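J.: Got a structure for you, questions after.
The values are calculated or read from the model by the stated rules, or taken from the named source; none is laboratory data. Computed from a predicted model, the values in this text were never measured in an experiment. Neighbour counts are summed over all protein chains in view; Cβ atoms, including those assigned to glycine, are modelled from backbone coordinates with ideal geometry.
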């Protein structure tokens, strides 16, 4: 199992693992004319680049990450950036928000852990979205093309569109793609990668 506390402690000295800029898909989502969320939940936000970006665009952001070291680093970087994010260090295998909490958008960006934990995280997110709320995800895909193989070698840690379709039954799919993108996100995400991008709306909006 990856020791994320150690990775973030090492990265603080040597440089950001995934860069300081927000993920491109998060940025593209914010640029959509039909995306009007005011609150967001970021799952697996690491040292905070995506949550911080959303907060800088005036969203009220809650962010959860397994690593306490990464979360502490994120809070320091938030302060330097002049933004405020509610940050929680917790394991998505058992974390759950108060039953009445709701968000207008949930972002799940490069959470790679066991399929069971990822499914729980997605289904939890679905229950805590407002009617019409957005679920947005990007992650390394099951190998569907010859070519780049960035990401975990274990297929249990990888995504497929069919997983999201099954876990988000009843959602309106806005985008569901598997393809190759060039990542330029810090030292760890550099080069061509096979990814899934998925955006869907909870019914009732």
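J.: Of the conditions (1) in contact with a helix residue (DSSP H, G or I) (Cβ under 7 Å, 6 or more places away or on another chain); (2) crowded, with 20+ Cβ neighbours inside 10 Å; (3) in contact (Cβ under 8 Å) with a residue 40 or more places away in the chain, residue 61 clears all except one; give me its number.
T.: The failed condition is (3).
J.: Another question about this same structure. State whether the residues of the range 172-182 include one that is under 30 Å from residue 75 (Cα atoms) and surrounded by 21 or more Cβ atoms within 10 Å (Cβ to Cβ).
T.: For the range 172-182, residues under 30 Å from residue 75 (Cα atoms) and surrounded by 21 or more Cβ atoms within 10 Å (Cβ to Cβ): absent.
J.: Follow-up. Quick check, is residue 78 closer than 27 Å to residue 16 by Cβ, part of a helix (DSSP H, G or I) and at pLDDT 95 or above? Talk me through it step by step, then tell me what you get.
T.: On the way: closer than 27 Å to residue 16 by Cβ: yes; part of a helix (DSSP H, G or I): yes; at pLDDT 95 or above: yes.
Criteria met by residue 78.
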